[in-house]
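Reviewing the structure listed below.
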Amino acid sequence: MWVYTGSKRPPFAATPGPGQESVWDYPRPPKLVADTRLVVVRSGDIIIADTVEANRVLETAGPPTFYIPPNAVRAQLLRPCPGTSLCEWKGTAEYWSLKVTPPFQPAIGWSYPTAQVPYAQISGYFSFYPGRVECFVDDECVRPQPGFFYGGWVTDEIVGPWKGEPGTERW
């Protein structure tokens with residue numbers, strides 16, 4: 001059973017410095033937070049999304065995921081991927097790939113067409129995998145959260161360790 005809920009950092013967690021956040025201080029269930037920094041997603045020279053109206057989902061032990069409003073995403077560049085997944089908090093996710101890539105390429109992002117309460121605000125918003133497309137927050141190039149499935153956005157403002165790193169399989 002998961003025992004970490006953001007109320008107390010485990011002894012192995014890094015201590016955040018000035019201007020940093022610990023992923024171990026994020027709550028469980030996750031918290032939805034508006035973010036007004038410039039968020040840009042691109043593939044090479046192709047801008048897929050850009051906004052100053054993103055939302056971050058903050059969940060214990062994971063880097064934040066950034067959700068971008070549909071009016072800031074060039075959806076004409078995307079095509080649905082087969083399959084869905086279920087998040088206990090947000091509901092059923094659908095996956096997206098770039099139209100310019102060959103069929104059957106891994107998804108570059110996902111969305112929740114109808115996110116569950118209290119996450120309904122991100123219904124129809126898109127999030128992207130920083131390891132599969134280039135993602136930026138205020139000109140900082142985002143690093144991907146380790147692990148094929150995870151989509152967390154690793155920036156200099158967060159400290160871990162986080163899920164997906166070697167040795168975290170049993171979290």
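Roughly how many Å is it from the Cα centre of region 1-34 to that of region 40-112, as a whole number?
Here the answer is 24 Å between Cα centres.
Hey, which lysines would be in cross-link range of K99, C-alpha to C-alpha under 28 Å, not counting anything within fewer than 8 residues on its own chain?
K90
Taking the simple approach of a point 7 Å from Cα along Cα-to-Cβ for both C141 and T36, what is their distance in nm?
About 2.9 nm separates the two model spin labels.
What length, rounded to one decimal in nm, is gained on full extension from E165 through to A120, with 0.36 nm per residue of separation minus their alpha-carbon distance?
Stretched fully, the E165-A120 segment lengthens by 13.2 nm.
Please give the contour-minus-distance gain from Q76 to E157: 0.36 nm per residue of separation, less the Cα-Cα distance, rounded to one decimal in nm.
That pair, Q76 and E157, stretches by 25.9 nm at full extension.
To the nearest 0.05, what FRET efficiency results for C87 and E53 with a Förster distance of 25 Å applied to their C-beta separation?
0.70
Given charges of +1 on the Cβ of Lys and Arg and -1 on the Cβ of Asp and Glu, with all other atoms neutral, how large is the dipole of the chain about its Cα centre, in debye to the nearest 20?
I would put it at about 460 debye.
Cα convex hull of region 103-171: mean projected area in nm², to one decimal?
It is 6.5 nm².
Counting DSSP beta bridges in the chain, what percent are antiparallel, to the nearest 5?
Here the antiparallel bridges make up roughly 95 percent for the chain.
Cβ neighbours within 10 Å, averaged per peptide: list 21-29, 59-67 in order, most packed at the top.
Highest-to-lowest ranking by the protection proxy: 59-67, 21-29.
Report, as a whole number in µm² per second, the diffusion coefficient that Stokes-Einstein gives for the chain at 10 °C and 1.306 mPa s using the Kirkwood radius over alpha carbon pairs.
Value of D from the Cα-based Kirkwood radius: 97 µm²/s.
Given 20 °C and 1.002 mPa s, how large is the Stokes-Einstein diffusion coefficient of region 41-132 in µm²/s, with Rh as the Kirkwood radius over Cα pairs?
Rounded to a whole number, D works out at 158 µm²/s.
Run a plain Debye calculation on region 1-56 (Cα atoms as equal point scatterers, no solvent) and give log10 I(q)/I(0) at q = 0.27 Å⁻¹, rounded to two decimals, same order as the q list.
For the requested q values the scattering log ratios are -1.06.
Coordinate-derived values only; no laboratory data. Computed from a prediction, not measured in an experiment: that's the story for all the values here. Glycine gets a Cβ as well: all are built from the backbone with ideal geometry, and neighbour counts include every protein chain shown.
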